[in-house]
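Asks: Right, I'll just put the structure down here and ask away after.
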Amino acid sequence: MTAQTAKPLCVWITGASSGIGAALSTELAARGFVVAATARNEKALAELADTAANIHAFAGDITDRSGMAALVDTIERDLGPIDMAVLNAGIYLPTNFPEFDADLFDRSFAVNLGGTVNCLAPLVPLMSGRGRGRIAIVSSVAGYGGLPTSAAYGATKAALFNLGESLAMDLAAHGVKVSMIAPGFVRTPATDVNTFPMPFIISADDAARRIANGLEKGQAHIAFPKRFSYLLRLINLLPRGLYTRLVGGATSRN
Ligand SMILES: NC(=O)c1ccc[n+]([C@@H]2O[C@H](COP(=O)([O-])OP(=O)(O)OC[C@H]3O[C@@H](n4cnc5c(N)ncnc54)[C@H](OP(=O)(O)O)[C@@H]3O)[C@@H](O)[C@H]2O)c1
């Protein structure tokens, strides 16, 4: 899907106020897409919209189901049909066992999973009705298998893989394509809090270029950096007991 056509394609990007979403908004705008940028931080969105004439701010909270339905209506009224949506908004809340903070799980599920569902709810019928469109869901390599401190975050990202792959099968007959995006470590406000080593970390601009390339090629699974994602997928083929011991041991900070 490329915007180099007679009429520029419209892409809706959630989580556009910082990190990967902001960089992707800039990247896709530079490639000719009309970008509808969503997040809660209105000031950051306005600053982003000021950087390019084809980036438009549509503030909203993805945990607000009726708010997302109204927002999609507004975007389509103002900019025309959404050709592609990148459901990228998410939060990263590491666990700190043996303290068990159930609220941390609730918040992770509400934003990463429930929020994505709230965006899909208006999009799927609209795109299916038109018989075209692409929905891209930002999961993570953390969704491939369990990782330390990732019981809440990783669970949401694994669920998004399952959701997105099922959706891809069900929507294919309706002309709607689904892409799953699995970044490794990307330098953003979300990872700035990490004190542990983050192998193969890349910049948000680099991540945005890789995502945009994958989307323009129509890839179903956009995972990067390749070395890290292949390594994780490979060790995920191990017997599960061995996987848990190996990854737990390799990342132990004791
Ligand atoms: N950075 C990494 O290493 C990495 C790796 C794998 C996957 N990812 C995934 O990539 C996505 C973007 O992460 P990032 O690293 O770029 O983090 P980030 O800089 O913290 O950006 C997160 C974005 O999500 C938005 N957001 C959070 N809660 C929201 C809500 N309730 N409603 C609407 N927007 C909301 C934030 O905007 P507001 O606060 O303004 O609402 C912000 O724009 C996430 O899904 C993350 O899990 C990141």
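The values are calculated or read from the model by the stated rules, or taken from the named source; none is laboratory data. Note that the structure is a prediction, hence the values are computed from the model and not measured. Cβ placement follows ideal geometry from the backbone for every residue including glycine, while neighbour counts extend to all protein chains displayed. Keep in mind that these areas ignore ligands, DNA and RNA; they rest on the heavy atoms of the full protein, side chains included. Shrake-Rupley method; radii C 1.70, N 1.55, O 1.52, S 1.80 Å.
Asks: Can you tell me which residue in region 210-254 is surrounded by the most Cβ atoms within 10 Å (Cβ to Cβ), limited to those that are among the hydrophobic types (A, V, I, L, M, F, W, C) and farther than 28 Å from S179 by Cα?
Replies: So the first thing to find is which residues in region 210-254 are among the hydrophobic types (A, V, I, L, M, F, W, C), and the list is 211-212, 215, 220, 222-224, 228, 231-232, 234-235, 237-238, 242, 246-247, 250.
With farther than 28 Å from S179 by Cα added as a condition, the list becomes 242, 246, 250.
On the way: L242: 10, L246: 12, A250: 9.
Among those residues, the one meeting the criterion is L246.
Asks: Take the residues in region 106-118 that are open to solvent by less than 10 Å² (accessible area, probe 1.4 Å) and of a type in the set (G, A, S), then tell me which one is nearest to the ligand (Cβ to nearest atom).
Replies: Per the stated criteria, the residue is G115.
Asks: While we're looking at this one, here's another question. So is A121 touching a Lys or Arg at 6+ places or on another chain (Cβ under 8 Å), open to solvent by 50 Å² or more (accessible area, probe 1.4 Å) and closer than 29 Å to A151 by Cα or not? Write out each step before concluding.
Replies: Working: touching a Lys or Arg at 6+ places or on another chain (Cβ under 8 Å): yes; open to solvent by 50 Å² or more (accessible area, probe 1.4 Å): yes; closer than 29 Å to A151 by Cα: yes.
Answer is yes for this residue.
Asks: Could I ask something else about it? Quickly run through region 221-254 and pick out the residues that are without any contact (Cβ under 8 Å) to a residue 60 or more places away in the chain and touching a Pro at 6+ places or on another chain (Cβ under 7 Å).
Replies: F224
Asks: For M127, only one of the following conditions fails: (1) open to solvent by 50 Å² or more (accessible area, probe 1.4 Å); (2) touching a His at 6+ places or on another chain (Cβ under 9 Å). What is its number?
Replies: Looking at each condition in turn, M127 falls short on (1).
Asks: Somewhere in region 99-116, is a residue outside any helix (DSSP H, G or I) and on the phi > 0 side of the Ramachandran plot? I'd like the intermediate steps shown before the answer.
Replies: We begin by selecting, within region 99-116, every residue outside any helix (DSSP H, G or I); these are 99-101.
So of that shortlist, the ones also on the phi > 0 side of the Ramachandran plot come out as none.
No: region 99-116 contains no residue that is outside any helix (DSSP H, G or I) and on the phi > 0 side of the Ramachandran plot.
Asks: So T149 clears everything in (1) of a type in the set (S, T, Y); (2) crowded, with 19+ Cβ neighbours inside 10 Å; (3) more than 8 Å from the ligand (Cβ to nearest atom) except one condition, right? Which one?
Replies: The failed condition is (2).
Asks: So, one more: I'm checking my understanding of the structure. Among residues of region 6-22 that are closer than 13 Å to T38 by Cα and open to solvent by less than 10 Å² (accessible area, probe 1.4 Å), which one is farthest from the ligand (Cβ to nearest atom)?
Replies: In this case the residue turns out to be V11.
Asks: Quick check on region 168-178. Is at least one of its residues surrounded by 14 or more Cβ atoms within 10 Å (Cβ to Cβ), of a type in the set (A, V, I, L, M) and near the ligand (Cβ under 10 Å from one of its atoms)?
Replies: Our first condition is that a residue be surrounded by 14 or more Cβ atoms within 10 Å (Cβ to Cβ); within region 168-178, this holds for 168, 171, 174, 176-178.
Pick out the ones that are also of a type in the set (A, V, I, L, M) and you get 168, 171, 176, 178.
Add one more test, that the residue is near the ligand (Cβ under 10 Å from one of its atoms), and what stays is none.
Among the residues of region 168-178, not one is surrounded by 14 or more Cβ atoms within 10 Å (Cβ to Cβ), of a type in the set (A, V, I, L, M) and near the ligand (Cβ under 10 Å from one of its atoms), which makes the answer no.
Asks: For region 30-86, which residues satisfy the criterion of being loosely packed, with under 15 Cβ neighbours inside 10 Å, part of a loop (DSSP other than H, G, I, E, B) and near the ligand (Cβ under 10 Å from one of its atoms)?
Replies: Scanning region 30-86 gives N41, D64.
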